[in-house]
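K.L.:
My questions all concern the structure below.
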């Protein structure tokens, strides 16, 4: 018989237990829904959000005249959510046709158990447009910043490279990456309950902070001209490579720095490029060292002058053969046989034997001290990464033969930057300036400008010694000197050739058929102390057919020097020189005392059309070229007799034009 009382009790117990669990569940639900809980909020957030970190807009590169050299702009990057894509193979094939990425690689990504994968980043605008026109389910676009180098190959080794994440990996891009990169941003992607990305959450978006911009000391127009001249000379002699540097001797700023062969950083990446192009992106002027050859005789001459040797002191050059000791001997290059030469003539004719005689006379301590003072064997401190120090062996290891060979640039290695800076010190009266490429930093937020000030590292020689040495280097440019083909008609030049055999790094000794041809000089060699002076180094590596620097490097120096004079006209000096050339009767007078008459007969041209330049002076032609934005190549001196662009031809800025001048033109 059923006990009704007991049954009712059990029913009540079950009822109250059910009520308890019901109230517990309702209370817990209220707690989760109503009561704030940061931990739960973060847990839920991770389940419906995916965060992607993107680089900020990188700062802009400008040349010294605020012409853009590199910018960053928004481009599309393609991503996918594999969880939402059913026919992965079909989508992979379609994306492959759209982006050019192999279908197999895309399919591997789509098979991953992730809600976000990159398909292709920083794609062309045409790809973005095609994807937007025909969207693909599960595939989306995010806009990132991509680096663009406005002038393609121009100054590419100097500017450097960035990677896919817009981080600098070479050149100024790498050296100033913390300044340029700005603050990264985070972007939130919202997912639904099935893990599908449905939208970008603009409310969960951390704004980026744009990077600071850099104003470089480079002159875009001069850089272009230097690169074209370097390319032409390197190709003429089928050289392995070449470089050229133009520096303001007074300030240390680099006005042009060119390396051949060039590369286009918009289409180039060192990790995926052809192995044969290894190192093409390197700034060889800074990161590579080489044996300088005869240009180093100038450092010897500086040391000798400081030790009391006079430019007129004579040395016997042994008629082309000199035995340093019982087992070591030195011979003159090109089988020249010199007898007695003055210290000045040693530079003019580039005698190896007499250079050794000078070094042996002043001693290794004095020569070593001057080498170190000029900055060789250490980093001179330019504001780009990877600077090499070169190799100067410890003084205690120098034997008699070492002292002799170092005097003419063998057994020592230097960088192109060190060489050009050493000659700038001679040009400016003995001050070794710190070279620099970044002229200004512009703050992206405030617009404030941090400007680089010229910095004197130290005085390497007296002003009197620099003046004497300049006079000696001017004789190199005379008709019987090795630098004659680098001389300028209207501007005094001081310079030195260098023809160096390349060392055999595997077997020792030197390679017979591989040379470095260089020319190093500055101008104007007679300018006033406060007038600008410009130092140029050109170097052609392994030229074919001909390798003597007097024939390979000297003409290149002259071509670049002319471009430099057009870009940075000397204060009164270039105008005086044009007047001197036009008035033969004044040539006997001191040009410093001359005044130039105001220009007359200004070119009469119609807007946008090429005028008739025949009969005009070089100054008038160059003034017109600057006004019209033409790249002008001039040949000869005197009065214009022919022009490559016919009269009345429509002009385009950046167009090249050649004009020939003759002294006695009718």
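Nothing in this text is a laboratory measurement; each read-out follows from the coordinates by a stated rule. Nothing here was measured: the structure is a model prediction, and the numbers come from that model. A quick note on method: Cβ atoms are made from the backbone with ideal geometry, for glycine too, and the neighbour counts reach across all protein chains shown.
K.L.:
With a point put 7 Å past each Cα toward its Cβ, work out how far residue 14 is from residue 74 in nm, to one decimal.
P.N.:
My value for the distance between the label points is 6.5 nm.
K.L.:
Same structure again: Regarding the stretch 220-568, what are the three Cα extents along the principal axes, ordered largest first, in Å?
P.N.:
Largest first, the stretch 220-568 extends 67, 47, 43 Å along its Cα principal axes.
K.L.:
So, one more: Once you wrap a convex hull around the alpha carbon atoms of the stretch 86-183, what is its projected area averaged over all directions, in nm²?
P.N.:
Working: hull surface 32.1 nm².
With every direction weighted equally, the projected area is 8.0 nm².
K.L.:
What list do you get for 400, 134 if you sort them by fewest beta carbons within 10 Å? Please report the intermediate quantities before stating the final value.
P.N.:
Values: 400 14, 134 8.
Fewest to most other Cβ atoms nearby, the residues stand as 134, 400.
K.L.:
Dividing the Cα radius of gyration by the Kirkwood radius, what Rg/Rh value follows for the stretch 364-415? Could you put the intermediate results ahead of the total?
P.N.:
Numbers: Rg = 11.7 Å, Rh = 11.7 Å.
My calculation puts Rg/Rh at 1.00.
K.L.:
For a quick check: sort 22, 61, 624, 519 by the number of other beta carbons within 10 angstrom, fewest at the front.
P.N.:
Details: 22 10, 61 27, 624 20, 519 31.
Neighbour counts put them in this order, fewest first: 22, 624, 61, 519.
K.L.:
Please rank 407, 213, fewest neighbouring Cβ atoms within 10 Å first, as an exposure proxy. Walk me through the intermediate numbers first.
P.N.:
Working: 407 31, 213 23.
So the residues, fewest neighbours to most, are 213, 407.
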